[in-house]
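Below is one structure, written out as C-alpha cells, with a few remarks after it.
The values are calculated or read from the model by the stated rules, or taken from the named source; none is laboratory data. These figures come from a predicted structure and were not determined experimentally. Glycine gets a Cβ as well: all are built from the backbone with ideal geometry, and neighbour counts include every protein chain shown.
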Amino acid sequence: EDQVTQSPEALRLQEGESSSLNCSYTVSGLRGLFWYRQDPGKGPEFLFTLYSAGEEKEKERLKATLTKKESFLHITAPKPEDSATYLCAVLRTGNQFYFGTGTSLTVIP
Amino acid sequence: DGGITQSPKYLFRKEGQNVTLSCEQNLNHDAMYWYRQDPGQGLRLIYYSQIVNDFQKGDIAEGYSVSREKKESFPLTVTSAQKNPTAFYLCASSMGSGGSDGYTFGSGTRLTVV
C-alpha cells in the first residue's frame with residue numbers, strides 16, 4: 001500500500017537545538033518528494049522538491065535530503081519563528097500525491 | 001503579486017444546507033485542486049481539474065461538487081449529502097497538469113456545521 005509516514009508527530013526544541021524530521025514512504029514510481037511548512041490556520045507554503053536519491057537542498061536553517069525510502073528535514077540552530085507544522089508529500093507515477101500527517105515543531109526561546 | 005485567494009476564511013453551515021467555497025488564482029496555472037484537512041490526517045483529495053470545463057473525482061468526492069468554467073476559478077460546493085463537512089478546506093494549483101512542479105496553496109476555508 002502506498003503510504004507516507006512522518007515522525008515524530010510533535011517535536012519541541014530549545015532555540016539553537018538542531019534536530020531532524022523524518023518522512024518515510026512506500027510509494028512506488030517516485031516522481032518527486034515535497035516539503036511544505038504550514039502555520040496554524042493557513043495553507044501550506046512550499047519549501048523544497050527533491051527528485052532523486054542523494055539529492056539535497058538548503059534554505060536558511062533548513063536542509064532536505066532524500067534516500068530511496070525516506071527524506072529528512074534537518075533544522076540547524078532553530079529559532080522560534082521556525083515553529084510550524086512541516087508536511088511531506090510524495091508524487092508518484094500516475095500523478096498521484098500522497099501527503100503525510102505532518103510534524104508539529106515548537107521552538108522554545 | 002500572484003497567488004490563490006480562498007474565501008471566505010470562515011464559513012458556518014446549517015444542517016441540510018449547501019455552501020460554496022470560492023477559489024481564484026492569478027498564476028495562470030492549468031491545474032487546480034481541492035483538498036480537505038482534518039486533524040491527525042494527511043490532506044485528502046476531493047476534486048481536481050486539469051483544464052477548463054473538465055474535472056475528476058478525487059479520493060473523497062462524495063457529497064461535494066465543483067465547476068471549472070474559467071481557468072482562474074474552481075469553486076467547491078459542499079452539499080447536504082456530505083455528512084461530516086466540518087474541516088479545513090484547501091485549494092491548490094500547479095503549472096502543469098501532473099503537479100511535478102509542486103502546488104501553490106490558498107490560505108484555506110474553515111467550514112463548521114452548526
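Values for this structure:
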quantity	calculated
Output for the range A:36-62, where each listed residue is at positive phi, of a type in the set (G, A, S) and away from every other protein chain (no Cβ under 12 Å)	A:G54
Number of the condition not met by B:K71 [criteria: (1) charged (D, E, K, R); (2) touching a residue at least 40 places away in the same chain (Cβ under 8 Å); (3) in contact with a strand residue (DSSP E or B) (Cβ under 7 Å, 6 or more places away or on another chain)]	(3)
Residue selected from the range A:12-58 under the condition out of contact with any helix residue (DSSP H, G or I) (no Cβ under 9 Å at 6 or more places or on another chain) and of a type in the set (A, V, I, L, M), by the criterion surrounded by the fewest Cβ atoms within 10 Å (Cβ to Cβ)	A:A53
Residue tally, condition over 23 Å from B:Q17 (Cα atoms), away from chain A (no Cβ under 14 Å) and assigned to a strand (DSSP E or B), over the range B:65-114	1
Answer residue from the range B:10-25, given it is loosely packed, with under 12 Cβ neighbours inside 10 Å and in contact with a strand residue (DSSP E or B) (Cβ under 8 Å, 6 or more places away or on another chain) and is modelled with the highest pLDDT among those	B:Y10
Near pairs, Cβ below 8 angstrom, 6+ apart or cross-chain, from the range A:12-35 (within 14 Å of chain B (Cβ to nearest Cβ) and at positive phi) to any residue that is part of a strand (DSSP E or B) and of a type in the set (D, E, K, R)	A:G29/A:R92
The range B:29-87, subset surrounded by 15 or more Cβ atoms within 10 Å (Cβ to Cβ) and acidic (D, E), residue nearest to B:Q6 (Cα to Cα)	B:E72
